[in-house]
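Participant: I have a structure here, written as structure tokens, and I will follow up with some questions on it.
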Amino acid sequence: MNQKAKGRVFVFDDDADSLQSVVAALRRDGFDVFPFADPREGLARVEAEGGDVVVTDLRMPGLTGLEVLRHVTKKIPDVPVVILTAYGTVEGAIEAVRAGASDFLLKPVEIPRLRAAVFKALKERGMHREIERLREEAGRPFGIEGIVGSSRAMGEVLRKIRLVAPTRMNVLITGESGTGKELVARGVHGLSPRADRPFLPLNCAAIPETLLESELFGHEKGAFTGATASRPGKFENAEGGTLFLDEVGDVSPAIQSKLLRAIEQKEVTRVGGSQVIHADVRIIAATNQDLKGRVEAKAFREDLYYRLNVFNIVVPPLRERREDIPKLCDHFLALIGKENGLPPKRLSPAALKSLLACRWPGNVRQLRNALETATLVAHGDAIEPGDLPPEVTQAVLPPTSAEPIPLPASRTLVEMERDAIRAALVQTAGNKTLAAKLLGIGLRTLHRKVKEFGID
């Protein structure tokens, strides 16, 4: 394999003998190596010309290895960093790993260990590039406007959206209040053959029963007091498109009967009228109630339930997709800033920690509201925990039974690192994204360590 194929490695070390030894070893392995005694000069070259791996000493005059690591992580985050040091301490290793180092090696460096570390770093870079390529191809995380997240739970929601969208099936979306059921409905419509036709939402719980029939089916002039003119309903206005019935579980039995007929016959009759009007409308309904339970309690028509629930999409609550919170925050803060003509705020690490710890009874809607409030009251460009509404900072998750594992001083670094990872995974119920944030390391690093240590 030629040098170019192996990759470009930049080595920073103020110790001439150590620098020469590392450079010679890597060049023998076919790497294109660029040595620098001055890390500042090396960083400038990496940024200007590009590189695949940075290998840096920890203690250097003017700029430390950790400072190099932080600079690379900020400016060129897809370039992994391997740190070398003759002053190996547990604290130093932990700090380096938490800062995002790909590996941490003691001097004098064992050449096989160095070789393995650089090859591993190159593999990480390849994976990072592939992920970015896939993201670019997708255009946005899921290709559906407004839906943000990369959790497994939301991935299942998006899979179902794409599956049902091209069909003519009615869809029932279930989930707690504030989870984003209307966004899911819009996603189904937007990917359907009806996308160029109307999408009309109607909150059935927000309209008095006396007016709901008219809203749905329209009315003729003089049908009731105040009906001074004929007016089409949602079914007519949504012709050829989609009618989204939010909180359908609150519809009265009388309206349920008429709604069933409209869905089955694809026709409606206005209040006070006699003319039958054709209505080719796809129905997407949503509810935060246990609709099957209401059927069993005789509070909701069974036949209507099965007409609506041809295909079910369950939207998970925010507490079950906590790994999506950082992305949701970035999305909302940018949106809030744009809507209000303000520069977008950023979250401090402490504020993000508070948001991750919240139970979020109001789900995604509550998260956005909290960020809107925080944007308004925050004094600087960063949102701090004190800027968040009290109902957020006080609605924290109950403490876990798992306590941090005390690690005796006699343990090796590997043992300490393994136990710390195990403790973090226990405290986050196995959620690797949250565990990585708790440990202060990258998700890629955590996955690698879990595999290395054989952690289930």
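All of the numbers you see were taken from the coordinates with simple rules; none came from a lab. The shown structure was predicted, so the numbers you read here are calculated from the model rather than taken from an experiment. Positions of Cβ are generated from backbone atoms using ideal geometry, with glycine treated the same way; all protein chains shown enter the neighbour counts.
Participant: Note down the nm distance, to one decimal, between modelled labels 7 Å out along Cα→Cβ at Gln275 and at Ala205.
Facilitator: Going from the Gln275 label point to the Ala205 one covers 3.6 nm.
Participant: Which of the peptides 247-260, 167-180 is most tightly packed, and how do the rest follow, going by the mean number of other Cβ atoms within 10 Å of each residue?
Facilitator: On the way: 247-260: 18.1, 167-180: 20.0.
In descending order of packing, they fall as 167-180, 247-260.
Participant: Normalising by the residue count of the stretch 319-393, find the relative contact order in percent from Cα pairs under 8 Å and 6+ residues apart. The partial results should precede the final answer.
Facilitator: Numbers: 76 pairs, mean separation 26.0, N = 75.
Rounded, it is 35 percent for the stretch 319-393.
Participant: Taking a temperature of 10 °C and a viscosity of 1.306 mPa s, what whole-number D in µm²/s does Stokes-Einstein yield for the stretch 182-269 with Rh from Kirkwood over alpha carbon pairs?
Facilitator: On the way: Rh = 13.8 Å.
My calculation gives 115 µm²/s for D.
Participant: Now for a different question. Set the bar at 25 Å for Cα to Cα. Now go through Lys107/Lys449; Lys353/Lys449; Lys107/Lys432; Lys221/Lys266; Lys123/Lys451; Lys75/Lys437 and name every pair that lies beyond it.
Facilitator: Numbers: Lys107/Lys449 22 Å; Lys353/Lys449 23 Å; Lys107/Lys432 32 Å; Lys221/Lys266 23 Å; Lys123/Lys451 14 Å; Lys75/Lys437 20 Å.
Pairs exceeding 25 Å: Lys107/Lys432.
Participant: About the Cα centre, and with charges only on the beta carbon of Lys, Arg (+1) and Asp, Glu (-1), how big is the dipole of the chain? Nearest 20 debye, please. Mind showing how you got there, number by number?
Facilitator: Details: 64 positive and 60 negative charges, 191 e Å.
So the dipole magnitude of the chain works out to roughly 920 debye.
Participant: Under Stokes-Einstein, with the Kirkwood radius over Cα pairs standing in for Rh, what whole-number D in µm²/s applies to the stretch 319-393 at 10 °C and 1.306 mPa s?
Facilitator: Details: Rh = 12.1 Å.
Roughly 132 µm²/s, to the nearest whole number.
Participant: If you stretched the chain out fully between Ala44 and Asp17, how much longer would it get, using 0.36 nm times the residue separation minus the C-alpha to C-alpha distance?
Facilitator: Values: separation 27, 0.36 × 27 = 9.72 nm, distance 2.31 nm.
Taking Ala44 through Asp17 to full extension adds about 7.4 nm, to one decimal.
Participant: Over the Cα atoms of the chain, Rg to Rh with Kirkwood Rh, two decimal places?
Facilitator: Values: Rg = 29.1 Å, Rh = 26.2 Å.
We get a ratio of 1.11 for the chain.
Participant: Using a 10 Å cut-off on Cβ atoms, rank the peptides 272-285, 52-65 from the highest mean neighbour count down. Mind dumping the intermediate values first?
Facilitator: Details: 272-285: 17.9, 52-65: 20.9.
Highest-to-lowest ranking by the protection proxy: 52-65, 272-285.
Participant: Let me check against my output: what whole-number percent is the relative contact order of the chain, with C-alpha pairs under 8 Å and at least 6 apart?
Facilitator: Working: 718 pairs, mean separation 53.6, N = 456.
That works out to 12 percent.
Participant: Hey, another quick one. Please sort through the DSSP H helices of the chain and keep those with an alpha-carbon extent of at least 27 Å along the long axis and a Kyte-Doolittle average not below -1.0. Present the calculation step by step, with values, prior to reporting the outcome.
Facilitator: Details: long enough: 111-138 (41 Å, -0.75).
In the chain, the long hydrophobic H runs are 111-138.
Participant: State, to one decimal in nm, how far the label point of Arg115 lies from the label point of Thr228, with both points 7 Å from Cα in the Cβ direction.
Facilitator: Spacing of the two 7 Å Cα→Cβ label points: 9.0 nm.
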